[in-house]
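All remarks here apply to the structure that follows.
The values are calculated or read from the model by the stated rules, or taken from the named source; none is laboratory data. The structure displayed is predicted, hence computed values, not measured ones. All Cβ positions, glycine included, derive from the backbone under ideal geometry; neighbour counts span all protein chains shown.
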Amino acid sequence: MISDKKNELNSFKREIIYEDDDCISIWRYNSKITSFGPVDVEYKYKRGYVFPGTKQSLGQLVKKQRKTKGGH
């Protein structure tokens with residue numbers, strides 16, 4: 001009987017994980033709370049990600065330029 005309740009609880013909750021080059025996002029759904037969208041969304045940015053609008057030092061810009069040109 002306990003396992004039936006656990007399976008019932010799991011059928012209401014689900015989690016979808018998306019991953020791209022910049023971050024991992026975890027979308028959590030719970031149909032007991034709402035059926036129109038996620039209840040919680042968590043973003044985990046990968047190492048080295050620079051948020052748009054943040055200022056970079058000249059040294060960081062030079063390193064970035066060298067990486068894109070292949071070190072020339």
Residue pairs within 6 Å by beta carbon, gap of at least six or interchain, first lying in segment 39-59 and within 14 Å of D20 (Cα to Cα) and in a loop (DSSP other than H, G, I, E, B), second modelled with pLDDT of 75 or more and acidic (D, E), listed first then second, are Y49/D22
Looking across segment 30-72 at residues that are closer than 30 Å to S11 by Cβ and basic (K, R), the single one that is modelled with the highest pLDDT is K44
